[in-house]
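Remarks on the structure that follows.
The values are calculated or read from the model by the stated rules, or taken from the named source; none is laboratory data. Being a predicted model, the structure only gives us computed values, none of them experimental. Here the Cβ positions follow ideal geometry from the backbone for every residue, glycine too, while neighbour counts run over all protein chains shown.
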Amino acid sequence: MRIPFLSKFVGVPFEGVQEHAEKVKECAWAFQQAMECYASTKCDKFEEYRNEVNLLESQADGIKRRVRNHLPQRVRLPVAKYQIFMYIKEQDKVLDCVEECLNWISFRPDAGIPEIFQKDFFDFVDAVITPIEELSVMVAEAAKYFEDYSERQRKIVKNIIGNLRRNEHDADKLEYKLKLDIFRKESDPTAIFHMVKLADLVGSIADHAENAGDVMRTIIAR
């Protein structure tokens with residue numbers, strides 16, 4: 001039997017997790033702008049976008065530490081603390097991967113993305129932006145679920161988790177196609193290595209978004 005008054009304590013971890021998710025969402029915009037800038041020969045703001053991502057990642061780390069340090073110690077929460085830790089860890093890895101992508105690009109800032117690969121590459125980037133934006137929605141809906149434990153609200157969260165899985169699957173297909181084209185159409189070994197590694201890093205963003213969804217599924221499980 002669930003004890004209703006315990007639900008008021010859920011706001012403590014979920015408020016911070018929601019704040020962290022919003023930082024991840026902000027990072028998605030900066031990441032998209034940075035990738036478009038990198039592909040353009042006329043854009044000189046790549047470092048500005050990269051620094052913005054680095055700042056957001058640092059702010060998110062502070063939020064993550066606050067969540068971990070301020071969970072109630074003597075109160076039984078409706079969800080296990082380790083589940084909150086695991087969730088925010090996966091959500092934070094989304095940010096880490098975005099940061100790593102831009103750091104990797106910075107090793108060859110003038111290389112750009114050959115025009116022949118740009119459309120597929122940006123379709124791929126768009127595919128990983130969607131799940132990033134879904135995370136903040138999922139956390140908000142999960143917080144609502146713990147207010148009254150309604151089955152209707154739980155289904156809303158589960159639908160978002162399903163969307164994250166589908167998005168990750170779509171991103172996987174685009175990643176495979178892009179890598180295949182790179183090996184078939186690019187002759188410079190350095191360019192091949194750099195772009196394939198970049199595709200791996202971009203793909204890992206969607207992987208961790210899906211992982212966050214899987215953790216959320218365990219949190220709302222009955």
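Structure values in brief
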read-out: Within segment 31-56, considering residues that are surrounded by fewer than 18 Cβ atoms within 10 Å (Cβ to Cβ) and of a type in the set (D, E, K, R), the one farthest from Trp104 (Cα to Cα); value: Lys42
read-out: Odd one out for Phe146 among (1) at pLDDT 95 or above; (2) more than 22 Å from the chain's Cα centre (by Cα); (3) surrounded by 15 or more Cβ atoms within 10 Å (Cβ to Cβ); (4) not charged (D, E, K, R); value: (1)
read-out: Identity of the residue in segment 115-129, among the β-branched types (Val, Ile, Thr) and crowded, with 18+ Cβ neighbours inside 10 Å, that ends up farthest from the chain's Cα centre (by Cα); value: Val125
read-out: Residue identified as out of contact with any Leu (no Cβ under 6 Å at 6 or more places or on another chain), more than 30 Å from Lys81 (Cα to Cα), assigned to a helix (DSSP H, G or I) and among the β-branched types (Val, Ile, Thr) among Thr190, Thr218, Thr130; value: Thr190
read-out: Condition met for Lys89 (surrounded by 15 or more Cβ atoms within 10 Å (Cβ to Cβ) and either of a type in the set (Lys, Arg) or not in a helix (DSSP H, G or I) (or both)); value: yes
read-out: Counted residues, segment 156-199 - those being within 17 Å of the chain's Cα centre (by Cα) and of a type in the set (Lys, Arg); value: 2
read-out: Filter result for the condition that a residue is at pLDDT below 85 and loosely packed, with under 15 Cβ neighbours inside 10 Å, over Gly62, Gly11; value: Gly11
read-out: Lone qualifier among Glu210, Glu186, Glu134 - being farther than 22 Å from His20 by Cβ, in contact (Cβ under 8 Å) with a residue 60 or more places away in the chain and not small (Gly, Ala, Ser); value: Glu186
